[in-house]
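The next block holds one structure in the form of structure tokens; read it before the comments.
Taken together, the values in this text are just the output of simple stated rules run on the coordinates, not laboratory data. Computed from a prediction, not measured in an experiment: that's the story for all the values here. Glycine gets a Cβ as well: all are built from the backbone with ideal geometry, and neighbour counts include every protein chain shown.
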């Protein structure tokens, strides 16, 4: 029989429920348990696919093509398990499903209400992913007290009645602020947050207290007393420089032992966290640093490129370097200032994005990398812009552009997929999910993967126009990865360049701390070598 853990948050948003959930999942998995994470988002959108990255952050894509919350990326990276569309549910999906059932007459004419119909749909989705699992970790997005989240918390309350209180655990993440003028931590926000939960009918079993530094014993005792939890169940979630230390922080406080004991889970005599500890050690002790530039259009919000950042971190630990990532606003780049702005970087990444804004700046960055031999990695739109730049500046196709940016151009080197022509509905016309890529041998791409066929995740609408591939090859740009049927370009690379690769897919979604993606590790190795050459000659990026 599966056990159920519900993780909620209080006081303020963005406290790190996703990382906390992923960390608990890792600790339980290290005990040999089958763990399934689930994220509920209370917003009415069906999924985050059409949401502004500045507001919502990255859209994480699963193998089955679901556009999901970025927390699923944390789950996959920590637990090292591929998830699906069943692992991220929104209020929009729940309400849509209930309305569709009502229209089909499945409720036999009953009045449809939040309780029991909406809550019933929520519980049904939880039980769907619970089959064959030891533990289901359900993170409820938002903050306790938000009106949108009430149906999800009510469903969580009902679960203890239906599955047995001994099979359900409630964990609440809250903020314990330190007030400098008073010189002490304030526990009142946590007390109020827990009271909100108790009004709903949920008594938390464990409190994760987010704080900027360790809590004094008297603060923990006060929280335990006024929130009606055992003192050992007040766990510090102290700020750390490295998010991958959080599972170790929790383990040192006995959080996994506490969960196992409260839920009556089978125990494993040896908890295997050694590989994770080794990863954290390599990451924290790396002495060699390299400057990596991330040139994009959403750089004001780091979460918009969360998976890219983490993939760089994973690769850095594997290579033994500490990448120092700097965000570059593409709109601020031009051919006039690109050398000044980018000369200090050992490598440049142009990540994904939609729309015309910042394209000329990205092209200027790619021109700089191509001409100066700077390692370059393009992701999704990074490939499309690299193709346009090459067509314009190397092949002499001065009007070369994309149908997205110039619909009447004479040379649409990037165009819509045939099946999507004439469709303009946002979110419904993209190539989403995992598809195979056949890699050319010999090529730099094959040198990275050491495999002829790989599966990678996509999220895009436009493709390279194959009519230009012969021309590109004559000038030195080759399609080193294609769909197995040869119809779609998946990867390009530049001959006679130390490292110039772009992908139509998003390799960052497949990177893991203990299994970094080969494209990112190869890119960082090339960037470090480039920095070393520059240091030796006194002309390149500093290492």
Note down the relative contact order for the chain as a percent, whole number, built from C-alpha pairs under 8 angstrom at least six residues apart. 15 percent
Quick check on region 92-158: take the gyration tensor over C-alpha atoms, sort the square-rooted eigenvalues as a ≥ b ≥ c, and tell me if it's rounded (a/c under 1.5), prolate or oblate. oblate
Ordering of 71-79, 192-200 by packing [mean C-beta count within 10 Å, highest first]: 71-79, 192-200
Can you give the calculated 222 nm mean residue ellipticity of the chain, where each DSSP H run of n ≥ 4 adds -39,500 (n - 2.57) and the sum is split over every residue, rounded to the nearest 500 deg cm²/dmol? -11000 deg cm²/dmol
Per the C-alpha gyration tensor (a ≥ b ≥ c, the square roots of its eigenvalues), the chain is rounded if a/c is under 1.5, else prolate if a/b beats b/c, else oblate; here it's prolate
How much length, in nm to one decimal, is gained on full extension between residue 343 and residue 114, taken as 0.36 nm per residue of separation minus their Cα-Cα distance? 76.6 nm
Expressed as an acute angle from 0 to 90° and rounded to the nearest 10, what is the orientation of the C-alpha long axis of helix 188-200 relative to the principal long axis of the chain? 70 degrees
Kindly identify region 287-537 as rounded, prolate or oblate by the Cα gyration tensor criterion: order the square roots of the eigenvalues as a ≥ b ≥ c, call it rounded if a/c is under 1.5, otherwise compare a/b with b/c, prolate if a/b is larger, else oblate. rounded
0 to 90° range, to nearest 10: angle between helix 91-103 axis and the chain longest Cα axis: 80 degrees
Computed over region 287-537, the relative contact order (Cα-Cα under 8 Å, seq sep at least six) in percent reads 22 percent
Between residue 124 and residue 466, Cβ-based FRET efficiency (R0 51 Å, step 0.05) works out to 0.65
Ordering of 445-458, 294-307, 127-140 by burial proxy (mean other Cβ atoms within 10 Å per residue, highest first): 294-307, 127-140, 445-458
Inter-site label distance for residue 131 and residue 181 at 7 Å from Cα along Cβ, in nm: 5.8 nm
Separation in nanometres of the label points that stand 7 Å from Cα toward Cβ, at residue 218 and residue 148: 4.1 nm
Once each part is reduced to its C-alpha centroid, what is the distance from region 449-489 to region 293-316 in angstrom? 24 Å
For residue 241 and residue 288, what does the FRET efficiency come to when R0 = 25 Å and r is the distance between their Cβ atoms, rounded to the nearest 0.05? 0.90
Assertion target for 381, 313, ordered by fewest C-beta neighbours within 10 angstrom first, is 313, 381
Relative contact order for region 181-327: what is it in percent, counting Cα pairs under 8 Å that are at least 6 residues apart? 17 percent
Expressed as an acute angle from 0 to 90° and rounded to the nearest 10, what is the orientation of the C-alpha long axis of helix 17-29 relative to the principal long axis of the chain? 80 degrees
If each residue's Cβ is checked for other Cβ atoms within 10 Å, how do 288, 17, 241, 274 rank with the fewest at the top? 241, 274, 288, 17
Under a crude label model (7 Å from the Cα following the beta-carbon direction), how far is residue 44 from residue 529 in nanometres? 5.5 nm
